[in-house]
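Take a look at the structure below.
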Amino acid sequence: MPSLNDLLWGLVAPLFAAAGLRLVLAFLSDWLFARPVDKDSTSGDAAPAKRVLAWETCLPLALGAGLGYFFLPLGPWVPEVEYEWIAAAVGLAVVASTVVGFLGNHWSARFIGLPIFYAATAVAVGYALMPTWDDLWPDYRTYLVFWCLGAWLLSVAIDQSSLPASWPFAIVVLGTCLATSGVVLLSESMRFAQISGLTVGVVLGLTVVGLILRRPLLNGLGLPIVVYLGGMLLIAQTNSFSEVPFLCYWLPMGGLLLAVVTGQLVSRTSFPKLHATSMILAAAIPSTVAVIMAVVATMPE
(Lines give C-alpha, C1' and ligand atoms only; values in the text may rest on other atoms or scores of the structure.)
Protein backbone atom coordinates (compact mmCIF):
# COMPACT_ATOMS: atom_id res chain seq x y z
CA MET A 1 0.00 0.00 0.00
CA PRO A 2 1.30 3.49 -0.86
CA SER A 3 2.27 5.54 2.18
CA LEU A 4 1.19 9.13 2.79
CA ASN A 5 4.67 10.24 1.70
CA ASP A 6 4.31 8.30 -1.57
CA LEU A 7 0.97 9.96 -2.32
CA LEU A 8 2.29 13.40 -1.42
CA TRP A 9 5.43 13.32 -3.56
CA GLY A 10 4.17 10.84 -6.15
CA LEU A 11 0.83 12.44 -7.01
CA VAL A 12 -0.08 15.61 -5.11
CA ALA A 13 3.23 17.45 -5.43
CA PRO A 14 3.67 16.73 -9.16
CA LEU A 15 0.06 17.73 -9.84
CA PHE A 16 0.19 21.08 -8.03
CA ALA A 17 3.74 21.87 -9.11
CA ALA A 18 2.92 21.27 -12.77
CA ALA A 19 -0.36 23.16 -12.53
CA GLY A 20 1.20 26.10 -10.71
CA LEU A 21 4.15 26.47 -13.06
CA ARG A 22 1.90 26.17 -16.10
CA LEU A 23 -0.30 28.92 -14.74
CA VAL A 24 2.71 31.21 -14.35
CA LEU A 25 4.15 30.35 -17.76
CA ALA A 26 0.77 30.81 -19.45
CA PHE A 27 0.51 34.41 -18.27
CA LEU A 28 4.18 34.98 -19.01
CA SER A 29 3.77 33.58 -22.53
CA ASP A 30 0.79 35.82 -23.22
CA TRP A 31 2.78 38.81 -22.06
CA LEU A 32 5.99 38.02 -23.96
CA PHE A 33 4.82 36.09 -27.01
CA ALA A 34 1.23 37.20 -27.60
CA ARG A 35 0.07 36.13 -31.05
CA PRO A 36 -3.16 34.73 -32.57
CA VAL A 37 -3.57 30.98 -32.36
CA ASP A 38 -3.94 28.85 -35.50
CA LYS A 39 -7.50 27.68 -36.10
CA ASP A 40 -6.34 24.05 -36.31
CA SER A 41 -5.08 24.13 -32.71
CA THR A 42 -8.47 24.77 -31.13
CA SER A 43 -10.44 21.86 -29.73
CA GLY A 44 -14.18 21.40 -29.31
CA ASP A 45 -15.99 24.44 -28.00
CA ALA A 46 -12.96 25.68 -26.06
CA ALA A 47 -11.38 28.48 -28.08
CA PRO A 48 -7.91 29.28 -26.76
CA ALA A 49 -6.99 32.93 -27.09
CA LYS A 50 -3.24 32.40 -27.40
CA ARG A 51 -0.79 30.01 -28.99
CA VAL A 52 0.86 27.66 -26.49
CA LEU A 53 4.64 27.28 -26.70
CA ALA A 54 6.28 24.01 -25.69
CA TRP A 55 7.86 25.45 -22.55
CA GLU A 56 4.40 25.90 -21.03
CA THR A 57 3.94 22.12 -20.78
CA CYS A 58 7.51 20.80 -20.85
CA LEU A 59 8.97 22.79 -17.95
CA PRO A 60 6.06 21.85 -15.63
CA LEU A 61 6.68 18.19 -16.54
CA ALA A 62 10.32 18.54 -15.53
CA LEU A 63 9.43 20.30 -12.27
CA GLY A 64 6.54 18.06 -11.25
CA ALA A 65 8.25 14.76 -12.03
CA GLY A 66 11.58 16.04 -10.71
CA LEU A 67 10.09 16.80 -7.31
CA GLY A 68 8.81 13.27 -6.91
CA TYR A 69 11.94 11.67 -8.37
CA PHE A 70 14.39 13.38 -6.05
CA PHE A 71 12.30 13.75 -2.87
CA LEU A 72 10.84 10.24 -2.61
CA PRO A 73 13.82 9.53 -3.51
CA LEU A 74 13.70 7.32 -6.58
CA GLY A 75 17.13 7.93 -8.09
CA PRO A 76 20.53 9.50 -7.50
CA TRP A 77 21.63 12.95 -8.60
CA VAL A 78 24.60 11.42 -10.46
CA PRO A 79 23.70 8.37 -12.63
CA GLU A 80 25.87 5.29 -12.28
CA VAL A 81 23.98 2.64 -14.27
CA GLU A 82 21.86 2.80 -17.43
CA TYR A 83 18.40 3.11 -15.88
CA GLU A 84 19.48 5.99 -13.64
CA TRP A 85 19.88 8.16 -16.75
CA ILE A 86 16.10 8.47 -17.12
CA ALA A 87 15.97 11.83 -15.33
CA ALA A 88 18.67 13.28 -17.57
CA ALA A 89 16.94 11.76 -20.61
CA VAL A 90 13.65 13.46 -19.81
CA GLY A 91 15.53 16.69 -19.13
CA LEU A 92 17.21 16.49 -22.54
CA ALA A 93 13.83 15.90 -24.20
CA VAL A 94 12.36 18.90 -22.37
CA VAL A 95 15.20 21.12 -23.58
CA ALA A 96 14.93 19.87 -27.17
CA SER A 97 11.16 20.32 -27.30
CA THR A 98 11.37 23.77 -25.71
CA VAL A 99 14.01 24.92 -28.20
CA VAL A 100 11.98 23.63 -31.15
CA GLY A 101 8.91 25.39 -29.75
CA PHE A 102 10.70 28.73 -29.74
CA LEU A 103 11.68 28.25 -33.41
CA GLY A 104 8.04 28.85 -34.36
CA ASN A 105 5.71 27.31 -36.95
CA HIS A 106 7.74 28.12 -40.06
CA TRP A 107 7.96 25.13 -42.43
CA SER A 108 11.73 24.90 -41.92
CA ALA A 109 11.28 24.55 -38.16
CA ARG A 110 8.47 22.00 -38.45
CA PHE A 111 9.83 19.79 -41.21
CA ILE A 112 13.61 20.19 -40.79
CA GLY A 113 14.43 21.46 -37.31
CA LEU A 114 11.90 19.38 -35.37
CA PRO A 115 12.73 15.98 -36.96
CA ILE A 116 16.49 16.58 -36.59
CA PHE A 117 16.27 17.69 -32.95
CA TYR A 118 13.96 14.80 -32.11
CA ALA A 119 16.14 12.24 -33.90
CA ALA A 120 19.25 13.39 -32.06
CA THR A 121 17.41 13.26 -28.74
CA ALA A 122 16.00 9.78 -29.39
CA VAL A 123 19.43 8.41 -30.31
CA ALA A 124 21.08 9.99 -27.26
CA VAL A 125 18.37 8.68 -24.92
CA GLY A 126 18.37 5.19 -26.43
CA TYR A 127 22.15 4.98 -26.19
CA ALA A 128 22.09 6.11 -22.55
CA LEU A 129 19.29 3.79 -21.38
CA MET A 130 20.02 0.63 -23.38
CA PRO A 131 22.10 -1.93 -21.45
CA THR A 132 24.87 -3.77 -23.30
CA TRP A 133 24.44 -7.21 -21.72
CA ASP A 134 25.46 -10.21 -23.80
CA ASP A 135 22.14 -11.96 -23.15
CA LEU A 136 20.01 -8.94 -24.09
CA TRP A 137 17.08 -9.91 -26.31
CA PRO A 138 16.66 -8.67 -28.95
CA ASP A 139 20.37 -8.10 -29.43
CA TYR A 140 21.74 -4.66 -28.51
CA ARG A 141 21.93 -3.18 -32.00
CA THR A 142 18.48 -4.37 -33.10
CA TYR A 143 16.82 -3.25 -29.87
CA LEU A 144 18.53 0.15 -29.96
CA VAL A 145 17.60 0.83 -33.59
CA PHE A 146 13.95 -0.11 -33.19
CA TRP A 147 13.53 1.74 -29.89
CA CYS A 148 15.08 4.94 -31.25
CA LEU A 149 13.11 4.71 -34.49
CA GLY A 150 9.86 4.12 -32.62
CA ALA A 151 10.46 6.98 -30.16
CA TRP A 152 11.35 9.34 -33.01
CA LEU A 153 8.38 8.37 -35.17
CA LEU A 154 5.86 8.64 -32.35
CA SER A 155 7.12 11.94 -30.96
CA VAL A 156 7.27 13.56 -34.42
CA ALA A 157 3.79 12.28 -35.26
CA ILE A 158 2.39 13.76 -32.04
CA ASP A 159 4.03 17.16 -32.24
CA GLN A 160 3.43 17.60 -35.98
CA SER A 161 -0.31 17.23 -35.38
CA SER A 162 -2.85 19.47 -33.71
CA LEU A 163 -4.13 16.60 -31.54
CA PRO A 164 -2.25 17.50 -28.31
CA ALA A 165 -4.47 20.58 -28.02
CA SER A 166 -7.61 18.49 -27.54
CA TRP A 167 -9.18 16.86 -24.50
CA PRO A 168 -9.44 13.38 -26.10
CA PHE A 169 -5.68 13.34 -26.54
CA ALA A 170 -5.20 14.37 -22.90
CA ILE A 171 -7.32 11.37 -21.88
CA VAL A 172 -5.25 9.15 -24.18
CA VAL A 173 -1.99 10.35 -22.61
CA LEU A 174 -3.35 9.96 -19.09
CA GLY A 175 -4.50 6.41 -19.87
CA THR A 176 -1.11 5.60 -21.39
CA CYS A 177 0.60 6.85 -18.24
CA LEU A 178 -1.60 4.61 -16.09
CA ALA A 179 -1.09 1.58 -18.36
CA THR A 180 2.67 2.11 -18.41
CA SER A 181 2.75 2.30 -14.62
CA GLY A 182 0.66 -0.88 -14.40
CA VAL A 183 2.88 -2.88 -16.75
CA VAL A 184 6.02 -1.64 -15.01
CA LEU A 185 4.57 -2.52 -11.60
CA LEU A 186 3.71 -6.04 -12.76
CA SER A 187 7.29 -6.44 -13.97
CA GLU A 188 8.11 -6.53 -10.24
CA SER A 189 9.67 -3.12 -9.73
CA MET A 190 7.84 -0.78 -7.38
CA ARG A 191 10.57 1.81 -7.80
CA PHE A 192 10.22 1.94 -11.58
CA ALA A 193 6.43 1.98 -11.25
CA GLN A 194 6.65 5.00 -8.94
CA ILE A 195 8.86 6.82 -11.44
CA SER A 196 6.37 6.07 -14.23
CA GLY A 197 3.43 7.08 -12.05
CA LEU A 198 4.79 10.59 -11.55
CA THR A 199 3.48 11.41 -15.02
CA VAL A 200 -0.12 10.89 -13.89
CA GLY A 201 -0.13 13.87 -11.53
CA VAL A 202 1.76 16.04 -14.03
CA VAL A 203 -0.62 15.34 -16.92
CA LEU A 204 -3.63 15.92 -14.65
CA GLY A 205 -2.23 19.26 -13.51
CA LEU A 206 -1.42 20.42 -17.04
CA THR A 207 -4.83 19.36 -18.33
CA VAL A 208 -6.84 21.01 -15.56
CA VAL A 209 -5.05 24.35 -15.96
CA GLY A 210 -5.37 24.13 -19.74
CA LEU A 211 -9.11 23.58 -19.46
CA ILE A 212 -9.58 26.38 -16.94
CA LEU A 213 -7.61 28.85 -19.06
CA ARG A 214 -9.20 27.53 -22.28
CA ARG A 215 -5.81 26.86 -23.85
CA PRO A 216 -4.49 23.98 -25.98
CA LEU A 217 -3.90 21.28 -23.38
CA LEU A 218 -0.65 19.39 -24.05
CA ASN A 219 1.02 21.16 -26.97
CA GLY A 220 4.77 20.46 -27.25
CA LEU A 221 4.72 17.53 -24.83
CA GLY A 222 5.12 14.80 -27.46
CA LEU A 223 8.87 14.22 -27.22
CA PRO A 224 9.21 14.45 -23.41
CA ILE A 225 6.26 12.14 -22.70
CA VAL A 226 7.41 9.58 -25.28
CA VAL A 227 10.96 9.61 -23.91
CA TYR A 228 9.61 9.36 -20.35
CA LEU A 229 7.11 6.54 -20.83
CA GLY A 230 9.00 4.72 -23.57
CA GLY A 231 12.18 4.99 -21.53
CA MET A 232 10.54 3.54 -18.42
CA LEU A 233 9.07 0.63 -20.40
CA LEU A 234 12.53 -0.06 -21.84
CA ILE A 235 14.10 0.10 -18.38
CA ALA A 236 11.45 -2.18 -16.85
CA GLN A 237 11.77 -4.77 -19.62
CA THR A 238 15.55 -4.95 -19.62
CA ASN A 239 15.78 -5.09 -15.82
CA SER A 240 12.89 -7.46 -15.14
CA PHE A 241 13.02 -11.12 -14.16
CA SER A 242 9.22 -11.45 -14.26
CA GLU A 243 7.08 -13.43 -16.70
CA VAL A 244 5.56 -10.30 -18.28
CA PRO A 245 5.59 -10.86 -22.08
CA PHE A 246 7.88 -8.69 -24.19
CA LEU A 247 4.87 -7.43 -26.18
CA CYS A 248 3.38 -5.83 -23.06
CA TYR A 249 6.21 -3.31 -22.96
CA TRP A 250 5.43 -2.09 -26.49
CA LEU A 251 1.63 -2.09 -26.56
CA PRO A 252 1.02 1.11 -24.52
CA MET A 253 3.19 3.20 -26.84
CA GLY A 254 1.74 1.38 -29.83
CA GLY A 255 -1.72 2.38 -28.62
CA LEU A 256 -0.59 5.99 -28.37
CA LEU A 257 0.63 5.87 -31.98
CA LEU A 258 -2.62 4.24 -33.09
CA ALA A 259 -4.59 7.01 -31.38
CA VAL A 260 -2.59 9.64 -33.27
CA VAL A 261 -3.21 7.90 -36.59
CA THR A 262 -6.92 7.50 -35.81
CA GLY A 263 -7.19 11.13 -34.76
CA GLN A 264 -5.78 12.20 -38.10
CA LEU A 265 -8.07 9.94 -40.11
CA VAL A 266 -11.35 10.80 -38.38
CA SER A 267 -12.35 14.44 -38.84
CA ARG A 268 -12.67 16.34 -35.58
CA THR A 269 -14.75 19.04 -37.25
CA SER A 270 -17.27 16.82 -39.05
CA PHE A 271 -17.49 13.98 -36.50
CA PRO A 272 -16.38 15.33 -33.10
CA LYS A 273 -17.90 12.52 -31.02
CA LEU A 274 -16.63 9.78 -33.31
CA HIS A 275 -13.21 11.45 -33.37
CA ALA A 276 -12.97 11.50 -29.57
CA THR A 277 -14.34 7.99 -29.08
CA SER A 278 -12.18 6.39 -31.74
CA MET A 279 -9.01 8.05 -30.44
CA ILE A 280 -9.62 6.97 -26.87
CA LEU A 281 -10.51 3.40 -27.85
CA ALA A 282 -7.52 3.15 -30.20
CA ALA A 283 -5.22 3.78 -27.25
CA ALA A 284 -7.27 2.06 -24.55
CA ILE A 285 -7.57 -1.34 -26.24
CA PRO A 286 -3.82 -2.06 -26.69
CA SER A 287 -3.03 -0.65 -23.23
CA THR A 288 -5.75 -2.75 -21.60
CA VAL A 289 -4.54 -5.85 -23.44
CA ALA A 290 -1.00 -5.17 -22.22
CA VAL A 291 -2.09 -4.90 -18.58
CA ILE A 292 -4.33 -7.99 -18.78
CA MET A 293 -1.56 -10.03 -20.42
CA ALA A 294 0.87 -8.92 -17.72
CA VAL A 295 -1.60 -9.81 -14.94
CA VAL A 296 -2.28 -13.27 -16.38
CA ALA A 297 1.42 -13.96 -16.92
CA THR A 298 2.34 -13.06 -13.34
CA MET A 299 -0.52 -14.88 -11.60
CA PRO A 300 0.65 -17.66 -9.30
CA GLU A 301 0.06 -21.13 -10.66
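The values are calculated or read from the model by the stated rules, or taken from the named source; none is laboratory data. It should be emphasised that the depicted structure is a prediction, and the values quoted were computed from it without experimental measurement. Every residue, glycine as well, gets a Cβ built from its backbone with ideal geometry; the counts of neighbours run over all protein chains shown. Note: accessible area is taken over every heavy atom of the protein model, side chains too, but ligands, DNA and RNA are not part of it. Shrake-Rupley method; radii C 1.70, N 1.55, O 1.52, S 1.80 Å.
Taken as a whole, the condition of being part of a loop (DSSP other than H, G, I, E, B), open to solvent by 60 Å² or more (accessible area, probe 1.4 Å) and at pLDDT below 90 applies to residue 36. When 176, 142, 98 are checked against the criterion of being assigned to a helix (DSSP H, G or I) and surrounded by 24 or more Cβ atoms within 10 Å (Cβ to Cβ), a single residue qualifies: 176.
Every residue, every condition in (1) of a type in the set (A, V, I, L, M); (2) more than 29 Å from residue 116 (Cβ to Cβ), yes or no:
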| position | (1), (2) |
| --- | --- |
| 195 | yes, no |
| 199 | no, no |
| 203 | yes, no |
| 206 | yes, no |
| 209 | yes, yes |
| 214 | no, yes |
| 218 | yes, no |
| 228 | no, no |
| 238 | no, no |
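Applying the criterion of being of a type in the set (A, V, I, L, M, F, W, C) and over 16 Å from the mean Cα position of the chain (by Cα) to the residues of segment 245-275, the residue that is least open to solvent (accessible area, probe 1.4 Å) is 248.
Being at pLDDT below 95 and either open to solvent by 30 Å² or more (accessible area, probe 1.4 Å) or in contact with a helix residue (DSSP H, G or I) (Cβ under 7 Å, 6 or more places away or on another chain) (or both) holds for only one residue in 240, 187, 181, 278, and it is 187.
Per the conditions (1) over 30 Å from residue 277 (Cα atoms); (2) open to solvent by less than 70 Å² (accessible area, probe 1.4 Å), the sole criterion not satisfied by residue 107 is (2). How about segment 231-276: which of its residues are in contact with a His (Cβ under 7 Å, 6 or more places away or on another chain) and in contact (Cβ under 8 Å) with a residue 40 or more places away in the chain? Of everything in segment 231-276, those that are in contact with a His (Cβ under 7 Å, 6 or more places away or on another chain) and in contact (Cβ under 8 Å) with a residue 40 or more places away in the chain turn out to be 263, 268.
Got a sec? Which of 198, 206 is over 15 Å from residue 255 (Cβ atoms), modelled with pLDDT of 95 or more, surrounded by 24 or more Cβ atoms within 10 Å (Cβ to Cβ) and in contact with a Lys or Arg (Cβ under 6 Å, 6 or more places away or on another chain)?
Being over 15 Å from residue 255 (Cβ atoms), modelled with pLDDT of 95 or more, surrounded by 24 or more Cβ atoms within 10 Å (Cβ to Cβ) and in contact with a Lys or Arg (Cβ under 6 Å, 6 or more places away or on another chain) holds for just one of 198, 206, which is 206.
Just to be sure before I move on: is residue 211 over 20 Å from the mean Cα position of the chain (by Cα) and part of a helix (DSSP H, G or I) in the structure I sent?
Values: over 20 Å from the mean Cα position of the chain (by Cα): no; part of a helix (DSSP H, G or I): yes.
So residue 211 fails the test.
Pairs linking a residue in segment 4-22 that is part of a helix (DSSP H, G or I) to a residue that is modelled with pLDDT under 85, with Cβ atoms under 9 Å and 6 or more positions apart or on different chains, are 10/2; 11/2. Can you spot a residue in segment 69-80 that is exposed (fewer than 14 other Cβ atoms within 10 Å of the Cβ), in contact with a helix residue (DSSP H, G or I) (Cβ under 7 Å, 6 or more places away or on another chain) and at pLDDT 90 or above? Yes, segment 69-80 has at least one match. Residues in segment 244-301 that are hydroxyl-bearing (Ser, Thr, Tyr) and over 19 Å from residue 161 (Cβ atoms): 249, 287, 288, 298. Screening the candidates 65, 26, 54, 46 for the property of being open to solvent by less than 50 Å² (accessible area, probe 1.4 Å) and modelled with pLDDT of 95 or more yields one hit, 65. Only one entry in 181, 162, 187 is within 17 Å of residue 233 (Cα to Cα) and over 15 Å from the mean Cα position of the chain (by Cα), namely 187.
Residues of segment 85-122 that are modelled with pLDDT of 95 or more and more than 18 Å from the chain's Cα centre (by Cα): 116 alone.
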